[in-house]
């Protein structure tokens, strides 16, 4: 991501499974099939990009099959 886009990206802090706080840049938030997803990039490792979904009052990672389906919908511009 170019530096000027990084400056405008929203910073979010997430707590991982081990209880550590990690910082991410929010790239996009969108809905697919009534579920809300977030595409985030790690501040510490720009190669680490996660697709998260809202569920049970928290953010969850998605499994490979769901990941592929959601990314395809994003690529095909079928998101809200």
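The values are calculated or read from the model by the stated rules, or taken from the named source; none is laboratory data. From a predicted model like this one, the values you see are computed outputs, not experimental measurements. Cβ sites come from the backbone with ideal geometry, for glycine too, and all protein chains shown count toward neighbours.
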Among (1) without any contact (Cβ under 8 Å) to a residue 12 or more places away in the chain; (2) not in a helix (DSSP H, G or I) - the single one residue 68 does not satisfy: (2)
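So that you can scan it fast, the table gives a plain yes or no per residue for (1) surrounded by 15 or more Cβ atoms within 10 Å (Cβ to Cβ); (2) at pLDDT 90 or above; (3) touching a helix residue (DSSP H, G or I) at 6+ places or on another chain (Cβ under 9 Å):
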{"position": "10", "(1), (2), (3)": "no, no, no"}
{"position": "19", "(1), (2), (3)": "no, yes, no"}
{"position": "22", "(1), (2), (3)": "yes, yes, no"}
{"position": "31", "(1), (2), (3)": "no, yes, no"}
{"position": "35", "(1), (2), (3)": "no, yes, yes"}
{"position": "77", "(1), (2), (3)": "no, no, no"}
Whichever residue in the stretch 48-60 is over 13 Å from the mean Cα position of the chain (by Cα) and not in a strand (DSSP E or B) and, among such residues, is nearest to residue 13 (Cα to Cα): 57
Conditions (1) assigned to a loop (DSSP other than H, G, I, E, B); (2) at pLDDT below 90; (3) under 15 Å from the mean Cα position of the chain (by Cα); number of the one not met by residue 45: (2)
Scanning the stretch 47-62 for residues that are touching a helix residue (DSSP H, G or I) at 6+ places or on another chain (Cβ under 9 Å) and touching a residue at least 24 places away in the same chain (Cβ under 8 Å) gives 62
